[in-house]
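See structure below.
The values are calculated or read from the model by the stated rules, or taken from the named source; none is laboratory data. Keep in mind it's a predicted model, so treat the numbers as computed, not measured. So basically every Cβ, Gly included, is an ideal-geometry build from the backbone, and we count neighbours across all protein chains shown. Accessible surface is based on the protein model in full, side chains and every heavy atom, while ligands, DNA and RNA are left aside. Shrake-Rupley method; radii C 1.70, N 1.55, O 1.52, S 1.80 Å.
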Amino acid sequence: MKKIVRTVCIILAALLFLSAAVFTVSAVIAAKKVYDPERKMLRSTPDELGLYFDGLEIPTENGKISAWFIPAQKDKDSVSESMQTVIVSHNYSDNREMNDISLLYTVKFLCRNGLNVVMFDYTGSGSSDGKGYSFGQKEETEELCAVTDKIKELIPDGEIILYGLGFGAAPVIETANEKGIEKIIADSLYADLSTLLSQSMSYFTG
């Protein structure tokens, strides 16, 4: 009887150990998927839609940010000066193109109607350095502030409009507060991050 009890205890202990190991490994894999999503590389450039653009590289504490400055233009050969610049903040696990919603076509519309547009990749996305994502919190706000400062340097008396999509709308609000920017578009922003993650973690991690 004692041998049977001892055997059962050993089996239960082994099962508990294996369960804990599986849980730990799963948690680590899930965390990596969430905070370091697979990088989406760029598939096109603005000139494919007939838009003239300049490449920008902006240094930040988190790494070098790669960006496009697309000036206001009636067509590729007719660039005009504009004092208004829209800076686009892309969604989580995406890049500046946001091909799922064909964002470049929206940008083309803005440029054809007299606005400069800046599209950039957060670090860990697209062509920018680094890795990791904090769901539009501290790091992304620091990076958006750096992009905003660069555009203010290029167009000192210009007006900046911040346009954020999904998780990219959170740093738009934080940056607007920090930099005193009055015009923003916050498209599809979450209301509460902790609630969103508790409801959607299985979706983000698979």
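Sequence-distant or interchain residues sharing an amide H contact under 5 Å with Met98, placed H: which?
When sequence neighbours closer than 5 places are left aside, there are no close amide H contacts.
Long-range amide H contacts for Ser89: which residues qualify at under 5 Å (H placed 1.01 Å from N, peptide plane, sequence gap of 5 or more or a different chain)?
Tyr163, Gly164, Leu165
Determine the order of Leu49, Leu189, Leu103 by accessible area, beginning with the largest, at a probe radius of 1.4 Å.
Result of the area sort, largest leading: Leu189, Leu49, Leu103.
Can you compute 3J(HN,Hα) from phi for each residue in region 117-123, using the Karplus curve 6.51 cos²θ - 1.76 cosθ + 1.60 with θ = phi - 60°, rounded to whole Hz and x for Gly and Pro?
My calculation for region 117-123 gives 9, 10, 10, 9, 9, 5, 4 Hz in order.
At a 1.4 Å probe, what is the % contribution of carbon and sulfur to the accessible area of region 38-157?
On the way: 2670 of 5610 Å².
That share works out to 48 percent.
Which entries in the list Lys40/Lys150; Lys76/Lys138; Lys74/Lys131; Lys108/Lys150; Lys76/Lys131 go over 29 Å, if you measure between the two C-alpha atoms of each? Let's see the in-between values first.
On the way: Lys40/Lys150 24 Å; Lys76/Lys138 37 Å; Lys74/Lys131 37 Å; Lys108/Lys150 22 Å; Lys76/Lys131 34 Å.
Lys76/Lys138; Lys74/Lys131; Lys76/Lys131, as the Cα separations exceed 29 Å there.
Whenever you get a sec, line up Asp47, Asp94 from highest to lowest accessible area (probe 1.4 Å, protein heavy atoms). Mind dumping the intermediate values first?
Values: Asp47 65, Asp94 15 Å².
Greatest to least solvent exposure: Asp47, Asp94.
Taking H placed 1.01 Å from N in the peptide plane, check which residues at least 5 places from Thr60 or on another chain put their amide H under 5 Å from its amide H.
Sorted by chain and number, the residues that satisfy this are Ile65.
Which loop-located GluC sites (Glu not before Pro) does region 57-142 contain, where loop means any DSSP state but H, G, I, E or B and the Cβ has at most 16 other Cβ atoms within 10 Å?
Details: sites: Glu57, Glu61, Glu81, Glu97, Glu139, Glu140, Glu142; in loops: Glu61, Glu81, Glu97.
Those satisfying the criteria are Glu61, Glu81.
Could you sort Tyr52, Tyr163 by accessible area so the largest value comes first, with the probe set to 1.4 Å? Provide the component values of the computation, followed by the final result.
Details: Tyr52 90, Tyr163 30 Å².
Largest to smallest exposure gives the sequence Tyr52, Tyr163.
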